[in-house]
Amino acid sequence: MIILSYIGLSTSNQLGIDELAKDATVKDKIDYHFNRSCVQLRNEGKRNIILKWQERWDQYQKERWTKLFFDRVNLTRVIGNFYLNQIYSGHGDFGEYQGRFFQKSATGRCSEEIETMEHLVKKCKLWSRFRVNWPNLNIVEMMQILSCRRDAVRIVEQQLTFRIEELDTV
């Protein structure tokens, strides 16, 4: 008989445990079960959060600009700066964004077309001097090239500087 009085089991429980122990001696395989550890539960929780986040990221249909650059969600920190973040997010000092949020003109200073981030960085004739040696790639491929990314950041920085100077003269 197994004595388990030290953990507070009654005699009737002890008999049930004895029977289970006896049955276990005649089995070919022993049944066992371990509860998941705190680390396993935490890791499973993180996986579930990332999976749900990815599902929402894939299903969301509005403002797909950032998804062009970051198709998969992850917890890796992206090192950037104020201007680079404007390029990746599509939120910054350019006509389309300013028009949408502040009811300003969406046409850029060049008056060619609506001033989107892509227009500003890749097409606007005012900033063509920064794009002299750029390959003919789409914006996503171009932003993967360090020299092009630096030039794009300089364009956004110059755009903001120009806007600030423009405000100072008013």
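Observations on the structure shown:
- Some residue of region 90-101 being among the small types (Gly, Ala, Ser) and under 24 Å from the mean Cα position of the chain (by Cα): yes
- Hits in region 29-68 (condition: in a helix (DSSP H, G or I) and within 22 Å of Asn138 (Cβ to Cβ)): Trp57, Asp58, Trp65, Thr66, Lys67, Leu68
- Conditions (1) hydroxyl-bearing (Ser, Thr, Tyr); (2) more than 30 Å from Arg150 (Cα to Cα); (3) at pLDDT 85 or above; number of the one not met by Thr66: (2)
- Yes/no for Thr76 being loosely packed, with under 10 Cβ neighbours inside 10 Å, at pLDDT 75 or above and of a type in the set (Val, Ile, Thr): yes
- Yes/no for Arg154 being surrounded by 12 or more Cβ atoms within 10 Å (Cβ to Cβ), at pLDDT 90 or above and charged (D, E, K, R): yes
- Checked against the criterion of being on the phi > 0 side of the Ramachandran plot, over 24 Å from the mean Cα position of the chain (by Cα) and at pLDDT below 90, the candidates Ser128, Ser111 yield just one match: Ser111.
- For region 1-21, filtering for residues that are modelled with pLDDT under 80 and not in a loop (DSSP other than H, G, I, E, B) leaves 13.
The values are calculated or read from the model by the stated rules, or taken from the named source; none is laboratory data. Model, not experiment: these values are computed from the prediction. A quick note on method: Cβ atoms are made from the backbone with ideal geometry, for glycine too, and the neighbour counts reach across all protein chains shown.
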